[in-house]
Amino acid sequence: MSVRILALTLFAGPALADLDPCLVGTWKADMLDVAEVYASTMNATDVTARGDIVLTVAPDGRATMQPRNFELDTLIPNTPPMTVSVTGALTGRFQTSGNSYWMEGESYSLVGTADFLGTRMEVPFTGANEYLAGASGIYGCTDAGMAFEPDGGPGSMPRSWYRQ
(Lines give C-alpha, C1' and ligand atoms only; values in the text may rest on other atoms or scores of the structure.)
Protein backbone atom coordinates (compact mmCIF):
# COMPACT_ATOMS: atom_id res chain seq x y z
CA MET A 1 0.00 0.00 0.00
CA SER A 2 2.78 2.50 0.83
CA VAL A 3 4.41 1.89 -2.58
CA ARG A 4 1.13 2.76 -4.33
CA ILE A 5 0.75 5.98 -2.30
CA LEU A 6 4.34 6.90 -3.16
CA ALA A 7 3.67 6.22 -6.86
CA LEU A 8 0.53 8.39 -6.82
CA THR A 9 2.51 11.13 -5.16
CA LEU A 10 5.30 10.92 -7.73
CA PHE A 11 3.07 10.68 -10.81
CA ALA A 12 0.02 12.75 -9.89
CA GLY A 13 1.27 15.74 -11.89
CA PRO A 14 2.45 19.14 -10.72
CA ALA A 15 1.21 20.38 -7.38
CA LEU A 16 -0.82 23.56 -7.21
CA ALA A 17 1.27 26.60 -6.46
CA ASP A 18 1.64 27.77 -2.89
CA LEU A 19 -0.34 30.78 -1.76
CA ASP A 20 0.01 32.72 1.45
CA PRO A 21 -3.47 32.42 3.03
CA CYS A 22 -3.23 36.07 4.09
CA LEU A 23 -3.75 37.09 0.43
CA VAL A 24 -7.11 35.31 0.22
CA GLY A 25 -10.05 37.70 0.23
CA THR A 26 -11.30 40.88 -1.38
CA TRP A 27 -9.02 43.91 -1.55
CA LYS A 28 -9.39 47.53 -2.66
CA ALA A 29 -6.43 49.40 -4.17
CA ASP A 30 -5.15 52.55 -2.47
CA MET A 31 -6.15 55.11 -5.10
CA LEU A 32 -3.45 57.61 -4.06
CA ASP A 33 -0.88 54.89 -4.79
CA VAL A 34 -2.59 54.08 -8.11
CA ALA A 35 -2.32 57.75 -9.10
CA GLU A 36 1.36 57.83 -8.10
CA VAL A 37 2.18 54.65 -10.06
CA TYR A 38 0.33 55.91 -13.14
CA ALA A 39 2.02 59.33 -12.92
CA SER A 40 5.47 57.73 -12.76
CA THR A 41 4.83 55.45 -15.75
CA MET A 42 3.30 58.26 -17.88
CA ASN A 43 5.70 61.06 -16.79
CA ALA A 44 2.62 62.99 -15.67
CA THR A 45 2.91 66.06 -13.45
CA ASP A 46 -0.49 65.51 -11.85
CA VAL A 47 -2.87 62.54 -11.67
CA THR A 48 -6.10 62.20 -9.73
CA ALA A 49 -7.65 58.72 -9.46
CA ARG A 50 -11.37 58.18 -8.89
CA GLY A 51 -13.43 55.04 -8.39
CA ASP A 52 -12.08 51.71 -7.20
CA ILE A 53 -9.96 48.78 -8.28
CA VAL A 54 -11.07 45.57 -6.56
CA LEU A 55 -8.91 42.44 -6.39
CA THR A 56 -10.43 39.14 -5.25
CA VAL A 57 -8.05 36.26 -4.47
CA ALA A 58 -9.42 32.71 -3.96
CA PRO A 59 -7.73 30.04 -1.79
CA ASP A 60 -6.37 28.29 -4.92
CA GLY A 61 -4.65 31.51 -6.03
CA ARG A 62 -7.12 32.43 -8.76
CA ALA A 63 -7.56 36.18 -8.83
CA THR A 64 -9.84 38.71 -10.49
CA MET A 65 -9.01 42.40 -10.73
CA GLN A 66 -11.84 44.70 -11.73
CA PRO A 67 -11.99 48.49 -11.95
CA ARG A 68 -15.26 50.07 -10.81
CA ASN A 69 -16.06 53.59 -12.08
CA PHE A 70 -12.29 54.00 -12.43
CA GLU A 71 -10.94 57.20 -13.99
CA LEU A 72 -7.61 59.01 -14.01
CA ASP A 73 -7.47 62.77 -14.61
CA THR A 74 -4.02 63.24 -16.12
CA LEU A 75 -1.72 66.21 -16.80
CA ILE A 76 1.32 65.45 -18.93
CA PRO A 77 3.73 68.26 -19.89
CA ASN A 78 3.00 69.86 -23.29
CA THR A 79 -0.21 67.83 -23.62
CA PRO A 80 -3.83 68.86 -23.05
CA PRO A 81 -5.43 67.46 -19.87
CA MET A 82 -7.18 64.14 -20.38
CA THR A 83 -9.31 61.70 -18.45
CA VAL A 84 -8.55 58.01 -18.87
CA SER A 85 -11.18 55.46 -17.86
CA VAL A 86 -10.59 51.73 -17.52
CA THR A 87 -13.33 49.11 -17.72
CA GLY A 88 -13.44 45.31 -17.89
CA ALA A 89 -11.61 42.73 -15.82
CA LEU A 90 -8.43 40.68 -15.60
CA THR A 91 -8.17 37.15 -14.26
CA GLY A 92 -5.06 35.26 -13.32
CA ARG A 93 -3.34 33.27 -10.60
CA PHE A 94 -1.17 34.36 -7.68
CA GLN A 95 1.68 32.24 -6.34
CA THR A 96 3.89 32.96 -3.34
CA SER A 97 7.07 31.62 -1.84
CA GLY A 98 8.53 33.21 1.27
CA ASN A 99 8.08 36.95 0.72
CA SER A 100 8.08 36.65 -3.11
CA TYR A 101 5.01 36.66 -5.36
CA TRP A 102 4.17 35.99 -9.01
CA MET A 103 0.98 36.92 -10.83
CA GLU A 104 0.24 35.16 -14.10
CA GLY A 105 -2.54 36.71 -16.18
CA GLU A 106 -5.01 34.37 -17.88
CA SER A 107 -7.72 36.52 -19.48
CA TYR A 108 -8.05 40.22 -20.22
CA SER A 109 -11.05 42.31 -21.00
CA LEU A 110 -9.56 45.56 -19.70
CA VAL A 111 -9.93 48.56 -22.01
CA GLY A 112 -8.50 52.02 -21.42
CA THR A 113 -10.42 54.88 -23.03
CA ALA A 114 -9.43 58.56 -23.34
CA ASP A 115 -10.55 61.61 -25.29
CA PHE A 116 -7.41 63.23 -26.66
CA LEU A 117 -7.49 66.34 -28.86
CA GLY A 118 -11.08 65.59 -29.81
CA THR A 119 -10.40 61.97 -30.72
CA ARG A 120 -11.65 59.06 -28.63
CA MET A 121 -8.96 56.41 -28.23
CA GLU A 122 -9.41 52.89 -26.88
CA VAL A 123 -6.47 50.75 -25.83
CA PRO A 124 -7.31 47.11 -25.04
CA PHE A 125 -5.04 45.18 -22.69
CA THR A 126 -4.31 42.24 -24.96
CA GLY A 127 -1.26 40.44 -23.65
CA ALA A 128 1.51 42.61 -25.04
CA ASN A 129 0.51 45.52 -22.81
CA GLU A 130 -1.31 43.62 -20.07
CA TYR A 131 -1.65 44.89 -16.53
CA LEU A 132 -0.63 42.54 -13.69
CA ALA A 133 0.32 39.67 -15.98
CA GLY A 134 3.78 38.43 -15.29
CA ALA A 135 4.05 40.71 -12.27
CA SER A 136 6.55 39.51 -9.70
CA GLY A 137 8.44 40.90 -6.75
CA ILE A 138 8.20 40.94 -2.98
CA TYR A 139 5.13 41.47 -0.82
CA GLY A 140 3.88 41.83 2.74
CA CYS A 141 0.42 41.06 4.11
CA THR A 142 -1.53 41.66 7.33
CA ASP A 143 -5.19 41.28 8.26
CA ALA A 144 -5.79 44.90 7.22
CA GLY A 145 -3.62 45.40 4.13
CA MET A 146 -1.09 44.07 1.68
CA ALA A 147 1.74 45.75 -0.20
CA PHE A 148 3.70 44.75 -3.30
CA GLU A 149 7.06 45.93 -4.60
CA PRO A 150 7.14 44.72 -8.21
CA ASP A 151 10.40 43.80 -9.92
CA GLY A 152 11.38 46.35 -12.53
CA GLY A 153 9.55 49.29 -11.01
CA PRO A 154 6.03 50.13 -9.94
CA GLY A 155 4.28 50.05 -13.33
CA SER A 156 3.01 46.47 -13.27
CA MET A 157 0.42 46.72 -10.49
CA PRO A 158 -0.89 48.87 -7.64
CA ARG A 159 1.40 48.53 -4.64
CA SER A 160 -0.97 49.16 -1.70
CA TRP A 161 -4.25 47.35 -1.02
CA TYR A 162 -6.73 47.36 1.87
CA ARG A 163 -8.96 44.48 2.87
CA GLN A 164 -12.54 45.22 1.93
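Details
- Pairing each residue of the stretch 24-37 that is hydroxyl-bearing (Ser, Thr, Tyr) with any residue that is surrounded by 19 or more Cβ atoms within 10 Å (Cβ to Cβ), provided the two are 6+ apart or on different chains, yields no C-beta distance under 6 Å.
- When the residues of the stretch 71-87 are filtered to those that are crowded, with 16+ Cβ neighbours inside 10 Å and more than 14 Å from the chain's Cα centre (by Cα), the one that is nearest to GLU106 (Cα to Cα) is SER85.
- Output for the stretch 90-108, where each listed residue is out of contact with any Phe, Trp or Tyr (no Cβ under 8 Å at 6 or more places or on another chain) and surrounded by fewer than 16 Cβ atoms within 10 Å (Cβ to Cβ): SER97, GLY98, GLU106, SER107
- Among residues of the stretch 46-70 that are within 16 Å of THR26 (Cβ to Cβ), those with a beta-carbon under 9 Å from a residue that is outside any strand (DSSP E or B) and charged (D, E, K, R) at least six positions away or on a different chain give the pairs GLY61/ASP18.
- Residues (at pLDDT 90 or above, crowded, with 18+ Cβ neighbours inside 10 Å and over 26 Å from GLN95 (Cβ atoms)) located in the stretch 37-69: VAL47, ALA49
The values are calculated or read from the model by the stated rules, or taken from the named source; none is laboratory data. None of these values were measured; they are calculated from a predicted model. Please note: Cβ atoms are built from the backbone with ideal geometry, for glycine as well, and neighbour counts cover all protein chains shown.
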